[in-house]
Amino acid sequence: MKVAATALVVLASASQAFAHYRFNQLIANGQTYPDGKYIRKWTPYYWNGPIEDVSLPDIRCNANPQTADGTVDVAAGSTVGFRVDQDVIHPGPYTAYLAKAPTDINNWDGNGDWFKIWEQGPTAISSSGISWDMANREWTFKIPASTPSGQYLLRFEHIGLHGASNTNGAQFYMSCAQINVTGGGNGRPGPTIKFPGGYKATDPGVKINIYWPVPTQYIIPGPAVWRG
Ligand SMILES: *[C@@H]1O[C@H](CO)[C@@H](O)[C@H](O)[C@H]1NC(C)=O
Ligand SMILES: [Cu+2]
């Protein structure tokens, strides 16, 4: 039984090398924008593999992200999101964060205060296992209405937890888009974290065996969601 399970995991790992995915389309203003539009393209942009070391700057907006080809106006309180380019094949949570650029976003690397605006954990937990949303291609959520106006990086993240029982075995897939929040409020977003720094390799939602023994809960990494 134990041997069979291990063999399955090895097989699954081998087949995953060519089956990764990118969150490559921003959704805002009722549209799904073209591949890469308003997104900080990582290097090389075709690379669809994960970031695995949460202590590296790559955990912020993927590997060597480039300034986006524009910043899109998004009304506070409106719906935004991301679309993935192929099926998400790994089990794990989804999160979204914002960080406000101190001045021109084009000259800002995102080394600032990030607050979480949305998260999606397991769809079900039972004695036989944890279930995750792997059927969707799009995830959407709202910019809190009281978010102060200004230029922000919007960071979307999925964590693949299939190998997370090993240190640095969790796989982080993330994209950052440049948005200009308009019509915002006087909210005081928080709590905030830094990327890197806010996640630890030992966080209970980062280093976890999601298969056995079946966990009774899953704690999504990062701060509590700020709802405005
Ligand atoms: C952001 O939106 C405000 C309000 O419409 C506008 O005045 C400002 O120029 C915009 N900034 C950028 C960088 O697009
Ligand atoms: Cu993988």
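Just so it is clear, none of the values below were taken in a lab; they were calculated from the coordinates. Quick caveat, the model's predicted, so the values are computed rather than measured. Glycine gets a Cβ as well: all are built from the backbone with ideal geometry, and neighbour counts include every protein chain shown.
Indicate, rounded to the nearest 5 percent, the antiparallel portion of the DSSP beta bridges found entirely in the chain.
Numbers: 43 of 48 bridges.
Beta bridges within the chain, antiparallel portion: roughly 90 percent.
Kirkwood hydrodynamic radius computed over the range 94-179 comes to 14.9 Å, based on all pairs of distinct alpha carbons. Taking all Cα pairs closer than 8 Å and separated by 6 or more residues, the relative contact order of the range 33-172 comes to 30 percent. What is the angle, in °, between the Cα long axis of helix 2-16 and the longest principal axis of the Cα atoms in the chain? Nearest 10 is fine, range 0 to 90. Around 40 degrees separate the two axes. From least to most packed, judged by other beta carbons within 10 angstrom and beginning with the fewest, Phe172, Phe82 follow the order Phe172, Phe82.
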